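Undergrad: Below you'll find the structure I mean.
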Amino acid sequence: LLEQQYSNAKKRLVAPPEVVAQNAAEGKTAAARLEHDRDVQTFLHLASNAQVQENLEAAKYYYQQVLELDPDQVDALVRLGNILVEDGDPASAERYLSRAFYANPDDRDVLLPLGFLLVSRGKAHLAVSMLSRAAALYPDDPDMARMLGIACRSMGWHQAAEVQFLRAWELDPSGSDAPYNLAILYATRDQPRYKDARKWYEIAIKNGGAQDPQLERFLNQQAVAVRNGQP
C-alpha cells in the first residue's frame, strides 16, 4: 500500500514533457531578458560617463548601442537628441526627441527640449500644441509655462505669451529667465512698452541673470529718444 501511494505521488510530481519544455523556454526567455536589460544599463552607464568626460563621439556611439537593443529607451533618445543639438544637427535631434515623445508623451525631460527645438526650427505651431497640454500636466512648473510663452511669442501671440511669462515669474519669483523673457517681449512687440521692458530687465539682472549689452543699448537709445521727444 505504501509503495502504491509513493508511486501515485511521484506521478503527480513529475511534470508532463510539454510542461517541462514550456518551463525551460520561459526560463531561457527570462534569462535573455535579464541579459538584455543588463546590456542596456551598461551602455547607458558608459554613455553617461563619456558625456561627463565631454567625449561626445563616444557618448553618441554608446547611446546608439542602447537604441539598437531598445529603440524606445527614452533616456537614450533624449540625451542623444540634446547632444545633436549641441553638434549643430537640429534635424536629427528632432527625430530622436520626437521618438522620445511618442514613447512617453508626458515626460517633462522630453517636452522641454523638444518644445524649444520646434520653436527654433520654425515649428512654433507644433510647439504650442504640444506645450499647451504639457502646461496643463505640469501647472506648477515655471519652465513649462515659460517655454509655452516662448512658443506663443514666436506665433505672434503677445498677450498669450505675456500671460505665460507672468505665470512663470509668479511660480519662481527668484528666477531670471521669466523676467528676461518679459523684457524681450515688451521691447519687441508691435506696440513696445519700453519702461516695462527696462523694469523686467533690471529684475532679471537682480535675480542673477546675465547682462545683455545689445538689449541695454536698445533700451538706452529708446530712453534718449523719449527724452528728446522722438516717437
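Undergrad: Among the residues of segment 97-110, which ones are in contact with a Lys or Arg (Cβ under 9 Å, 6 or more places away or on another chain) and either buried (at least 17 other Cβ atoms within 10 Å of the Cβ) or at pLDDT 95 or above (or both)?
TA: Within segment 97-110, no residue meets the criteria.
Undergrad: Quick check: anything in segment 112-128 out of contact with any helix residue (DSSP H, G or I) (no Cβ under 9 Å at 6 or more places or on another chain), open to solvent by 60 Å² or more (accessible area, probe 1.4 Å) and free of Cβ contacts under 8 Å to residues at least 60 places away in the same chain? Give the steps one after another, and end with the answer.
TA: The initial filter retains those residues of segment 112-128 that are out of contact with any helix residue (DSSP H, G or I) (no Cβ under 9 Å at 6 or more places or on another chain), namely none.
Taking every residue of segment 112-128 in turn, none turns out to be out of contact with any helix residue (DSSP H, G or I) (no Cβ under 9 Å at 6 or more places or on another chain), open to solvent by 60 Å² or more (accessible area, probe 1.4 Å) and free of Cβ contacts under 8 Å to residues at least 60 places away in the same chain.
Undergrad: Considering every residue within segment 1-24, establish whether at least one is under 19 Å from Lys60 (Cα atoms) and either of a type in the set (A, V, I, L, M) or at pLDDT below 60 (or both). Outline the logic, then answer.
TA: Residues of segment 1-24 that are under 19 Å from Lys60 (Cα atoms), as a first pass: none.
Taking every residue of segment 1-24 in turn, none turns out to be under 19 Å from Lys60 (Cα atoms) and either of a type in the set (A, V, I, L, M) or at pLDDT below 60 (or both).
Undergrad: For segment 79-93, how many residues meet the condition of being within 13 Å of the chain's Cα centre (by Cα) and open to solvent by 20 Å² or more (accessible area, probe 1.4 Å)? Working first, answer last.
TA: Step one: list which residues in segment 79-93 are within 13 Å of the chain's Cα centre (by Cα), which gives 79-83, 85, 93.
Still in the running and open to solvent by 20 Å² or more (accessible area, probe 1.4 Å): 79, 82, 85.
Going through segment 79-93 one residue at a time, the tally reaches 3.
The values are calculated or read from the model by the stated rules, or taken from the named source; none is laboratory data. Since the model is a prediction, treat every value here as computed from it, not as a measurement. Please note: Cβ atoms are built from the backbone with ideal geometry, for glycine as well, and neighbour counts cover all protein chains shown. Just the protein is used for accessible areas: all its heavy atoms, side chains included, with ligands, DNA and RNA removed. Shrake-Rupley method; radii C 1.70, N 1.55, O 1.52, S 1.80 Å.
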